[in-house]
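Engineer: So that we are looking at the same thing, I have put the structure below in structure tokens.
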């Protein structure tokens, strides 16, 4: 992938730390929010650290707005303090000894403005993020949502070209998270540069990001729009995050032999070779007897391994060929006397199966 | 076979304590109690003796002798200057030891800590060998600048700095090591260069330890005896600090010696009070 001359962020680099290697190639255009989704230890924070200049890359390079930030081959490196980057850290890292106003004025001051000029530059962001009443407080006296706004104001006050957000909502409790998320989305929409948003929360990624990459074990395993990734997950990790059953198999027309055992009949679109099939847990029907007259063409026996009560439904963990997660209503559990160890029949319509190729993973 | 002890009597008060706070018996076994009491007596009796023998009626008279006042003034200003010098040169060294890495760093740390365990009189001898008029450094100071250090107030400050500065350095170095470097990273991403980070983030964050280290350094400088008397001597008004004055007064004028000792005891208590949050809470990190 080459992105020469791009005015956004272009990363094409490796970072090696002990036995762990992060190898990514990505680009984020101005005004775009690129979400980076992945499990713990996938290398998400390492990526941000490299882009911010806190960790040099081991190979390859990082470009921002056409300028080289880090180039391992040429030996070029711009120190963190010299990069036009705003970083909102996971636990915000607000300076505990400074007031909110002083925290926000820190970057303008460090970038060379006088005390008074820095104060007035900061006050613009303090007003914009509704922090006026909190300006004289110390970080210790702020709620989680307020601290998050201060961290964002502090990062934006340095007038960065690029914004980095590391799990911006993870330190908040569930109650305030939605409000802060909505507000953050507004501020991100107003930011004109590229933005890299790291998260392990799929909802956060789906709501806040324009474009997503999924990192696993230091590699990008999938990229695309949030809608695309939510519908066609490429790995078990992503499927679990977005709540889908995912099966790998070999297609021959409408017949698909699943890698893990079992088979599906799918709408014939002339596909041949390796495919992935995604199935919503609510699309699978559970019954006590083998259905006699059904238009659905996929029916197989399974045994209940576990039941979990979700908000308004019950998720069944089923062992069979193939195994599946299935959502039913609590009423159905009672009517069908479902319990761990029960033998049941599963049915899913061919049209409920989302069939796609591996090759289409890196598009969208 | 299980041996059972006979039921013992639990007073109502002890019963209430155990109910409220939980825990088993807190009575101290006799083999521990006796030595503990001896230790307490050993520490407290001499101080009590000082208080009992103090000439409370004419403290003012004992302290107003010109020698005593001179010694007090000399001790206070030299200890303060020593603390100032230690802050200016010791804090950067603490930073170097905590944050950078270079060959010989461990050796340097050992050297810095050495004065903590070295007998102060040895420090005094060492200073004398280096800075006396025939010392390998002092020789040139004398030749080039006409500067003679031993037996001057400057020598007092140098002796005190040699002995007391390591207390400040190790206190601050420990604080720098345990400080959350995430704040410094944040400062860097906000455009702060290394020196700005040090000034506006690192130092304020370790300020409590800086204060504690400075107080410790000041107290140690105030009490310095061995290195000072060896390197600076004991000229009244010039190099005779409080501890030295106490030592000489004890032979000629015990009342003055006791009064001066009381002043030093009072200062020590004040130091302890100022550090109480750090030290008197049974090892908690606050």
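Computed from the coordinates by the stated procedures, all read-outs in this text should not be read as laboratory data. Note that the structure is a prediction, hence the values are computed from the model and not measured. Glycine gets a Cβ as well: all are built from the backbone with ideal geometry, and neighbour counts include every protein chain shown.
Engineer: Using Cα pairs under 8 angstrom and six or more residues apart, how large is the relative contact order of chain A, in percent?
Structural biologist: 15 percent.
Engineer: Here's something else I'd like to know. For chain A, what is the convex hull (Cα atoms) projected area averaged across all directions, in square nanometres?
Structural biologist: Directional mean of the projected Cα hull area for chain A stands at 21.9 nm².
Engineer: Which FRET efficiency value, to the nearest 0.05, do you get for residue B:251 and residue B:140 by plugging their Cβ-Cβ distance into 1/(1 + (r/R0)^6) with R0 = 25 Å?
Structural biologist: Taking R0 as 25 Å, the efficiency between residue B:251 and residue B:140 is 0.05.
Engineer: Take every Cα-Cα distance within chain B, group them into 10 Å bins from 0 onward, and report for each bin the whole-number percent of pairs it holds.
Structural biologist: 6, 19, 25, 21, 15, 9, 3, 1, 0
Engineer: While we're looking at this one, here's another question. For chain B, set up a GNM with springs between Cα atoms under 10 Å and report which of B:101, B:209, B:86 has the largest fluctuation.
Structural biologist: Taking springs between Cα atoms under 10 Å, the residue moving most is B:101.
Engineer: Here's another thing I want to ask about it. Which whole number gives the average, over all residues in B:175-185, of C-beta atoms from other chains lying within 10 Å of the residue C-beta?
Structural biologist: 2
Engineer: Could you identify which residue out of B:174, B:57, B:223 has the top mean-square fluctuation in a GNM of chain B using Cα springs shorter than 10 Å?
Structural biologist: Of B:174, B:57, B:223, the Gaussian network model singles out B:57 as fluctuating most.
Engineer: In degrees from 0 to 90, rounded to the nearest 10, what is the angle of the helix A:100-110 Cα long axis to the longest principal axis of chain A?
Structural biologist: The two axes meet at around 70 degrees.
Engineer: In whole Å, largest first, what are the principal axis extents of the Cα atoms in region A:175-231?
Structural biologist: 31, 29, 22
Engineer: Another question, if that's okay. Would you please state the base-10 log of I(q)/I(0) at q = 0.06 1/Å for the protein assembly as shown, with intensities from the Debye formula using one equal scatterer on every alpha carbon?
Structural biologist: One equal scatterer on each Cα of the protein assembly as shown leads to -0.60.
Engineer: Based on a Kirkwood Rh over C-alpha pairs, give the Stokes-Einstein translational diffusion coefficient of region A:146-264 at 10 °C and viscosity 1.306 mPa s in µm²/s.
Structural biologist: The estimated diffusion coefficient comes to 96 µm²/s.
Engineer: Enter the angle in degrees (range 0 to 90, nearest 10) between the Cα long axis of helix A:115-128 and the first principal axis of the Cα atoms of chain A, meaning the one along which they spread out most.
Structural biologist: Between the helix axis and the principal axis of chain A, the angle is about 30 degrees.
Engineer: What number results when the radius of gyration of region B:146-279, computed over Cα atoms, is divided by 2.2 N^0.38 Å?
Structural biologist: After normalising by residue count via 2.2 N^0.38 Å, the value is 1.39.
Engineer: For chain B, what is the relative contact order in percent, using Cα pairs closer than 8 Å and at least 6 residues apart in sequence?
Structural biologist: Worked out over chain B, it gives 27 percent.
Engineer: Computed over the Cα atoms of region B:26-183, what is the ratio Rg over Rh, Rh following Kirkwood?
Structural biologist: 1.11
Engineer: 222 nm [θ] for chain B, helices only, -39500 (n - 2.57) per DSSP H run of 4+, per residue, to 500?
Structural biologist: -21500 deg cm²/dmol
Engineer: Relative to the longest principal axis of the C-alpha atoms of chain A, give the angle of the C-alpha long axis of helix A:144-157, reported between 0 and 90° and rounded to the nearest 10°.
Structural biologist: Helix A:144-157 and the main axis of chain A meet at about 60 degrees.
Engineer: How much FRET efficiency would the formula 1/(1 + (r/R0)^6) give for residue B:36 and residue B:6, where r is the Cβ-Cβ distance and R0 is 25 Å, rounded to 0.05?
Structural biologist: E(calc), rounded to 0.05, equals 0.40.
Engineer: Now for a separate question. Give me the inter-chain shielding for A:79-86: mean count of other chain Cβ atoms within 10 Å, whole number please.
Structural biologist: Taking the mean over all residues of the peptide, I get 4.
Engineer: Would you please give the FRET efficiency between residue A:321 and residue A:268, computed as 1/(1 + (r/R0)^6) with r the Cβ-Cβ distance and R0 = 35 Å, to the nearest 0.05?
Structural biologist: 0.95
Engineer: May I ask for the distance between the Cα centers of region A:21-91 and region A:295-337, given as a whole number of Å?
Structural biologist: If we compute the Cα centre of each part, the gap is 44 Å.
Engineer: Just want the ordering: B:154, A:336, A:163, from fewest to most Cβ atoms lying within 10 Å of their own Cβ.
Structural biologist: The fewest-first ordering by Cβ neighbours comes to A:336, B:154, A:163.
Engineer: Between residue B:18 and residue A:20, what is the label-to-label distance in nm when each label sits 7 Å out along the Cα-to-Cβ direction?
Structural biologist: 5.1
Engineer: So, in Å, what gap is there between the alpha-carbon centers of region B:203-235 and region B:164-199?
Structural biologist: A separation of 22 Å, based on Cα centres.
Engineer: Would you kindly work out the equivalent ellipsoid of region A:1-144 from its C-alpha gyration tensor and give its semi-axes, the square roots of five times the eigenvalues, largest first in whole Å?
Structural biologist: Sorted largest first and rounded, they come to 32, 18, 14 Å.
Engineer: Using the scaling law 2.2 N^0.38 Å as the reference, what is the normalised Cα Rg of region A:219-332?
Structural biologist: The reported ratio for this selection is 1.13.
Engineer: Principal axes first, then extents: for the Cα atoms of region A:99-149, list largest minus smallest coordinate on each axis, whole Å, largest first.
Structural biologist: Here the spans come out as 31, 19, 15 Å, largest first.
Engineer: Which value in deg cm²/dmol, rounded to the nearest 500, describes the helix-derived mean residue ellipticity at 222 nm for chain A, given -39,500 (n - 2.57) per DSSP H run of n ≥ 4 and division by the residue count?
Structural biologist: So the calculated ellipticity at 222 nm is -7500 deg cm²/dmol.
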